[in-house]
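The next block holds one structure in the form of structure tokens; read it before the comments.
The values are calculated or read from the model by the stated rules, or taken from the named source; none is laboratory data. Predicted model only: the values in this text are computed from it and were never measured. Reconstructed Cβ throughout: ideal geometry from the backbone, glycine too, with neighbour counts over all protein chains shown.
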Amino acid sequence: MAYLLHILIITAIYVILAVSLDLLAGHAGLLSVAQAAFYGLGAYTSALLTVKMGATFLVGIITGMLLATVLSLLVSLPSLRLSDDYFVIASFAFQMIVFSILNNWGALTGGPTGIPGIPAPGVFGGHVLTHAGFLMLAATCAVLSYLVVWRLGTGPYGRVLHAMREDEVLAKALGKGTVRFKVTIFAASTALSALAGSLYAHYVTYIDPTSFTVMESILVISMVIIGGAGSLWGPPLGAAVLVSLPELLRSAGLPSAAAANLRQIIYGGMLVFMMMFRPRGLVGCYSFGR
Amino acid sequence: MHCESLYKSFDGVHALVGVSLTLPTTGIVAIIGPNGAGKTTLLNVWTGFIRADAGRCALSDRDITNLAPDRIARLGVARTFQDLRLIQQISVLENVMLARPNQRGERLWAALLRTGVAREEAVNRQQALSLLRFVGLAENANQLARALSYGQQKLLTLACCLATEAKILLLDEPVAGVHPEMADRILELLVKLRNEGKLIVFIEHDISAVRRIANLVIVMDAGRIIAEGPPADVLERPEILEAYVG
């Protein structure tokens, strides 16, 4: 039972990451490869505040989200005034810089050894220690994140995002300040990624930089592609499929080294299959990006 | 709208050479000239999509020379493009609703909390439907934009321009490539809009359309304005007739 709950908790965390990227890539047509960096920022901010300064989980989570929002401006403000290609490059650079800092600034982040002993989250004065309690917390955060993305992706705001994705020149001609929309949507997306990071840190109680590499960003991108970018259920479904896959391989009794390699092969195969035969993902409305 | 000494070159090709112009506040202005004369470049400079190398543009004494396209649009200048630009994946009605200005629901917090958005959407929906009735597309309101014919898509771009509440409409070849009956319908709408006090500036190769509705004709060649005046005057000049009318 604990194993099943563990899978569900990890799925809920990845659902947050997938919908946060979908807000950006699926709805607004902006591809970021820095989701893992903001995920890591949320995790490390929350971990450092709770472990070293004795802050509460809620303070950690909110500070992580705010920090991610502020740092997102470093990527978006210079690059989004140019073409979206620069944004992809800037996000990649940011991802590499954040990983490098996490890995090398030993005095603050613990370097490759990471931060152990992160406390389980305290919500409303209590400690959520059980798997079931944490699942409720993670699922609530996933549902709230989903609602945020749904609200921003529909109605007048969503119409502008979709217009930017389909034809930015037209959106500008209609008086829509596309840079403002891109900057705010990226900030919202990174805040959600940081939320996922905080939850992850307090769930596993130990973090190190290897959880926040560019490969993690690519995993989240794969979830969105496989599920279906810009769709209601696609990204959560993609997250569920890609979180469950390694567990299914494990249950098939393969040696862990072989399972890891096989997993990469299956990811690659799935992505090629989706691009060729279902470019809109399992339940997607639009093809990925522009 | 006023521009003064506009210059623009692309890799040594002079698209605009000292173009100065003052447009009336209402009426229909046609810009004609051969391909490569600089007509679309002039529209792009006016609307901020291309920066002029030199010169300035003003709108009611406000300098708009280096403003971003969205800011110029918000000042009341709407435009269409030679290549039809619409959001093909959404409905005809939503395309027009998208164009409505100053929407509360386009602000992040209002979108998240949905405060007052439903009421605003209902108003925008009614106004969009009324514009679709005006251009004759009310029955197509719920179709995807891509399902419309080419002529209907031109009408939809016009409805989107009107939805912005702009006073100045800059139209790049509004009747090019459409069925003659549809062209007639579009021209009639432009006359109605002029009578409502709008300024319509349109680029057109169809001289009969220009003769029919324009109050003022501007002839461009090689980046320069070579003639300007009422159609009855400009279009009768032998050199213009020979070069552009045939």
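If you check A:Leu170, A:Leu195, which single one turns out to be within 14 Å of another protein chain (Cβ to nearest Cβ), modelled with pLDDT of 95 or more and in a helix (DSSP H, G or I)? Break it down into steps so the answer makes sense when it comes.
Working: A:Leu195 fails: within 14 Å of another protein chain (Cβ to nearest Cβ).
The unique qualifying residue is A:Leu170.
For the condition among the hydrophobic types (A, V, I, L, M, F, W, C), under 24 Å from A:Ile16 (Cα atoms) and free of Cβ contacts under 8 Å to residues at least 60 places away in the same chain, what is the one hit in A:Ala55, A:Ala68, A:Ala47? Write out each step before concluding.
On the way: A:Ala68 fails: free of Cβ contacts under 8 Å to residues at least 60 places away in the same chain; A:Ala47 fails: free of Cβ contacts under 8 Å to residues at least 60 places away in the same chain.
Answer to the selection: A:Ala55.
Condition check ((1) without any contact (Cβ under 8 Å) to a residue 40 or more places away in the chain; (2) touching a Gly at 6+ places or on another chain (Cβ under 6 Å); (3) at the interface with chain A (Cβ under 9 Å from one of its Cβ atoms)) across all residues:
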{"residue": "B:Glu94", "(1), (2), (3)": "yes, no, yes"}
{"residue": "B:Ala141", "(1), (2), (3)": "no, no, no"}
{"residue": "B:Leu148", "(1), (2), (3)": "no, no, no"}
{"residue": "B:Gly151", "(1), (2), (3)": "yes, no, no"}
{"residue": "B:Leu158", "(1), (2), (3)": "no, no, no"}
{"residue": "B:Cys161", "(1), (2), (3)": "no, no, yes"}
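Can you tell me which residue in the range B:143-169 is surrounded by the fewest Cβ atoms within 10 Å (Cβ to Cβ), limited to those that are among the polar types (S, T, N, Q) and not in a loop (DSSP other than H, G, I, E, B)?
Step one: filter the range B:143-169 for residues among the polar types (S, T, N, Q), giving B:143, B:149, B:152-153, B:157, B:164.
Then keep just the ones that are not in a loop (DSSP other than H, G, I, E, B); that gives B:152-153, B:157.
On the way: B:Gln152: 18, B:Gln153: 21, B:Thr157: 25.
Once the filter is applied, the top-ranked residue is B:Gln152.
Taking the options B:Asp70, B:Asp83, B:Asp63, name whichever one is within 8 Å of another protein chain (Cβ to nearest Cβ) and not polar (S, T, N, Q).
Just a single option satisfies the conditions, and that option is B:Asp70.
Give the residue, chosen from A:His27, A:His6, that is surrounded by fewer than 18 Cβ atoms within 10 Å (Cβ to Cβ), in contact (Cβ under 8 Å) with a residue 60 or more places away in the chain and of a type outside the set (A, V, I, L, M). Walk me through how you get there before you give the answer.
Numbers: A:His27 fails: surrounded by fewer than 18 Cβ atoms within 10 Å (Cβ to Cβ).
Only one candidate passes the filter, namely A:His6.
When you check B:Ala73 against the structure, is it crowded, with 23+ Cβ neighbours inside 10 Å and either touching a residue at least 60 places away in the same chain (Cβ under 8 Å) or farther than 30 Å from A:Trp150 by Cβ (or both), yes or no? Even if it seems obvious, please write down each step before you answer.
Working: crowded, with 23+ Cβ neighbours inside 10 Å: yes; either touching a residue at least 60 places away in the same chain (Cβ under 8 Å) or farther than 30 Å from A:Trp150 by Cβ (or both): yes.
Against the criterion (crowded, with 23+ Cβ neighbours inside 10 Å and either touching a residue at least 60 places away in the same chain (Cβ under 8 Å) or farther than 30 Å from A:Trp150 by Cβ (or both)), B:Ala73 qualifies.
Conditions: (1) in contact with a helix residue (DSSP H, G or I) (Cβ under 8 Å, 6 or more places away or on another chain); (2) of a type outside the set (Ser, Thr, Tyr); (3) touching a residue at least 12 places away in the same chain (Cβ under 8 Å). B:Ala111 meets all but one. Number of the miss?
Failed condition: (3).
For the range B:111-128, enumerate the residues that are more than 8 Å from chain A (Cβ to nearest Cβ) and of a type in the set (A, V, I, L, M).
The answer is B:Leu113, B:Ala118, B:Ala122, B:Val123, B:Ala128.
With the structure loaded, tell me whether B:Gln82 is within 19 Å of A:Val169 (Cα to Cα) and not hydroxyl-bearing (Ser, Thr, Tyr) or whether it fails that test.
Here the answer is yes, as B:Gln82 does meet what is asked.
Of the residues A:Gly269, A:Gly228, which single one is in contact with a Leu (Cβ under 6 Å, 6 or more places away or on another chain) and at pLDDT 80 or above?
Going through A:Gly269, A:Gly228 in turn, just one is in contact with a Leu (Cβ under 6 Å, 6 or more places away or on another chain) and at pLDDT 80 or above: A:Gly228.
Which is polar (S, T, N, Q) and at pLDDT 95 or above, of A:Thr154, A:Thr130, A:Thr178, A:Thr140? Write out each step before concluding.
Working: A:Thr154 fails: at pLDDT 95 or above; A:Thr130 fails: at pLDDT 95 or above; A:Thr178 fails: at pLDDT 95 or above.
One residue alone meets the criteria, A:Thr140.
Residue pairs, Cβ under 8 Å, 6 or more apart or interchain, first in the range B:20-34 and surrounded by 13 or more Cβ atoms within 10 Å (Cβ to Cβ), second among the aromatic types (Phe, Trp, Tyr) and modelled with pLDDT under 90. List them.
Sorted first by the residue in the range B:20-34, then by its partner, the pairs are B:Ile32/B:Tyr244; B:Gly33/B:Tyr244; B:Pro34/B:Tyr244.
Among the listed residues A:Val15, A:Val19, A:Val33, which satisfies the condition of being under 12 Å from the mean Cα position of the chain (by Cα), closer than 19 Å to A:Val214 by Cα, β-branched (Val, Ile, Thr) and not in a helix (DSSP H, G or I)?
Details: A:Val15 fails: not in a helix (DSSP H, G or I); A:Val19 fails: not in a helix (DSSP H, G or I).
The match here is A:Val33.
Tell me, which strands (runs of 3 or more DSSP E) lie completely within the range B:170-246 with 2 or more residues that are within 28 Å of A:Ala173 (Cβ to Cβ) and under 17 Å from the mean Cα position of the chain (by Cα)?
Numbers: elements: B:199-203, B:216-221, B:224-229.
Because the criterion is at least 2 residues that are within 28 Å of A:Ala173 (Cβ to Cβ) and under 17 Å from the mean Cα position of the chain (by Cα), the strands (runs of 3 or more DSSP E) in the range B:170-246 that meet it are B:199-203, B:216-221.
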